[in-house]
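Presented below is the structure to which this report refers.
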Amino acid sequence: MLGLLSFASFTFGLMTAIAGQIPELDPTRQDKRARDGFIYDSTGKTVLSVLRGPESRILVEPKDIAPMMKQSIVAVEDKRFYEHRGVDMRAIGRAFWADVQNKKVVQGGSTVTQQFIKNAYIKDQRSVARKLKEAALAWQLEQRWDKERILAAYLNTIYFGNGAYGIEQAARTYFNKHASQLTLPESALLAGIPPDPSGYDPVTHPRAAKVRRRLVLRQMLDQGLITDVDYDQARSAALPSPEKIKLPGTQGAAGHYFVNYVKQQLIDEYGPGRVFGGGLRVTTTIDLGLQRIAQQAIANTLKDPEGPQAALVAIHPQTGEILAMVGGSNFRESQFNLAVQGERQPGSAFKPFVLAAALGQGISPATQFESKKQVISLGDRLWVVNNYEGSYLGSIDLESATVHSDNAVYAQLTQLVGPRNVAAMARNAGIRSKLNPYFAIGLGAEAANPLEMARAFSTFANGGRRIDGSIFGNRPRAVRRVNSKVNEPLPHPVLSEDKTALLNSILQKVVSEGTGRRAALPDRPAAGKTGTTENYGDAWFVGYTPQLAVGVWVGYPKGLRPMLTEYHGDPVAGGTFPAEIWRTFMRAALDSKKAEPMTFPAPSIPYASSRLVVFRDGRIRIDNGSCKSAKHVFFFSGEQPQQTADCKENEVEVPQLIGMRVNKARERLISQPLTPRYIFKPAQARQRLDVVIGQIPTTGRRLSAYDEVKLVLPKATHGIVPRLLGLKWETAKVKLERRKLQYEITEVAKGKPGRVVFQVPKAGVAARPGMLVKVAVVKTG
């Protein structure tokens, strides 16, 4: 009895204590406790933005939230919200079983009520004690608040990305309307964002946002909340225009784009609840003097308001600090940050990463390549590379090819060092955007943004060392200090100092005598690279002195638009507007800082010797005497490849054949030359029988001429669907019944009476007994 009384007393006391915490969950009380935070410039004196809770969240009552919004969030986050009492044991069990099956955490069992409590009150790290406290509070809350109040409180506290905290601010930010006015597609889009505000951001990841919205709509359809017509209309609705996504806030007169970038870094690190109203004191790296110089340099160069726009980022190489960021011409009209969110192909401005990868593998710039039209085999197709305006220079070394931006040579160099190694070098230097290891990467076909390009080039200006931050890791240093915690610069070696010096000496010649001559500074050494994409859709100049690295992009922000006449009647290339903006900014910026002219460290060029090599199996190997595409390459002393290639005599590469028609695949093999052999696999119902579904060996493997390649073809073990079109229905019916196929008839008016005019599936695909064939037959009489 004493034990029971003690347990009851303990339980009552625990519940009472927990119940006493429930008033603290009210979002209105949360906001009252909020303390203003501030974002400062690099001096720590000028306020750029006030981080207020109400600035990012506007509380609304349940009646002021559109019913579709409530249904959307419940459908995707907690479909049994109106059935459970705060804790859903069924969902917990389902999540536990999924985690056991996958041997890792793949599902969560938290209800909307528990998620609200976690967001609003419980700040501990993930633990069993926190989950128990969360569950107890959820159960108590459900006894005191009705479902509508809980759901509204949850929607008032969650983060929707782009600085929008709470459903009302999200509605205003994304759609310029109140939460009560949200439509089905708008509600579904917003409901999908909270689990990953960055990954499902319709501004930076529109495809992922659409996929996520479709998932929410599918959940609503499956739960009977919307009709098929609603689903089809909502899934095809356009996303909000990036230029119209605007978050109201109190920010200083300069650096709007930079401030939003800093806010996103803070939110990613600390969460929105801590950032907005959490009393943070954030000292950033922005130099407002250089910011004004950057804006003026662009304004003085691009004077046509209807013409192309520019983005500019300046970085201090030794500290990795962002000193200036221009993300667009008018922040009030568009908050889309061209410097961070504007991912475009950098064209030839990407070539220094290919050169750096080559130097890293010991390849000397003295290596000669033939500047001529290139046709490179990619296994399943051929890649044709031409030079700008069809001009070729004959046999040239890597230095000349870089100075004159020779595409033909750089395509060969990319093939030699391997596109994966080029992508790895770019990532190590500071490119964070996804880089596919395709051959065209060496010519700048993979997208990046101006901030990444400026940061990656600052790695070269800093002797081959990338600078990260101690708080935010591998991200550009936009923040110096958060409260008393310093975001210390952390160097990461990417390329040796000697090889970086060699790369810098080559890129200096690009500015002094190559495509970047308009960027030349009269009294200072400067290095850099121009970039111009196909049809003049994007133009770049990214360059640096020892004290400052700057990336400039010029183009039209709303989609790819050729700039064929905008440069005084001529096309806009990297050596035109971008180079001029870069030079104007650099001269004024360095003068304003009274920076003395500095030279780059002189390169020490080691002895190099030639070897006959081939790129094979992800690395450069020595020719064994049978390699067809072997090339003489100069390697630095002691850095020659050690492994020998296993090339076969009369070697040919196995092409990609899966998905081809059998006849085409056969012709492709014979042309290599290789010998086709057929093997069969039982076909699935409705499967075509004339398409290759497998091959042995796979693409990329190498064989000797006339070796055998097995083509896997489907075989109909239960016959095929007969051709019925044009037959009398009685004849068609006999054919179907003979093959034990079911049928469904639809009568149509047009055509020859009694004849079949339509069938699904089409004739010739694999059949199976009992399979349904739909036919349309013309009415008789």
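The values are calculated or read from the model by the stated rules, or taken from the named source; none is laboratory data. Predicted, not measured: the structure shown is a model, and the values here were computed from it. Cβ atoms come from the backbone with ideal geometry, glycine included; neighbour counts cover every protein chain shown. Protein only, heavy atoms only, side chains kept; ligands, DNA and RNA dropped before computing areas. Shrake-Rupley method; radii C 1.70, N 1.55, O 1.52, S 1.80 Å.
Here are a few things to note about the model shown:
- Approximate spin-label separation D64-E306, in nm, with each point projected 7 Å along Cα-to-Cβ: 4.3 nm
- Local charge for T367 was computed over the other residues whose Cβ lies under 12 Å away, with Lys and Arg +1 and Asp and Glu -1, and equals -1.
- Exposure check, 1.4 Å probe, all protein chains in place: T367 carries approximately 0 Å² of accessible surface.
- Surface per residue (accessible, 1.4 Å probe) for the range 399-439, Å²: 35 Å²
- E168, E730, E639, ranked by accessible area, largest first (probe 1.4 Å): E730, E639, E168
- Loop-exposed trypsin sites (Lys or Arg not before Pro) per DSSP, neighbour cap 10 Cβ within 10 angstrom, longest uninterrupted part of the chain: 382-593
- Largest first, the residues S405, S484, S187 sort by 1.4 Å accessible area into S484, S405, S187.
- Summing Lys and Arg as +1 and Asp and Glu as -1 over all other residues whose Cβ lies under 14 Å from the Cβ of D523 gives a net charge of +2.
- Here the chain exposes an accessible surface that is 51 percent carbon and sulfur, computed with a 1.4 Å probe and the other protein chains kept in place.
- Solvent-accessible surface (1.4 Å probe) assigned to L612 amounts to roughly 60 Å².
- Cα point-scatterer Debye curve for the chain, base-10 log of I(q)/I(0) at q = 0.07, 0.09, 0.10, 0.11 Å⁻¹: -0.72, -1.05, -1.16, -1.23
- Over the chain, relative contact order from alpha-carbon pairs under 8 Å, at least 6 apart, %: 9 percent
- Solvent-accessible heavy-atom area per residue, rounded to whole Å², over the range 456-532 at 1.4 Å: 37 Å²
- DSSP finds beta bridges in the chain, and of those with both partners inside it, around 80 percent are antiparallel.
- Rolling a 1.4 Å probe over the heavy atoms of the protein chains gives the range 629-761 an accessible area of 62 Å² per residue.
- Neighbour net charge for D287 - beta-carbon separation under 9 angstrom, K R +1, D E -1: -1
- When only Cα pairs below 8 angstrom with a gap of at least 6 residues are kept, the range 578-669 shows a relative contact order of 22 percent.
- Greater than 21 Å apart at Cα, pairs in K351/K434; K177/K263; K434/K628: K177/K263; K434/K628
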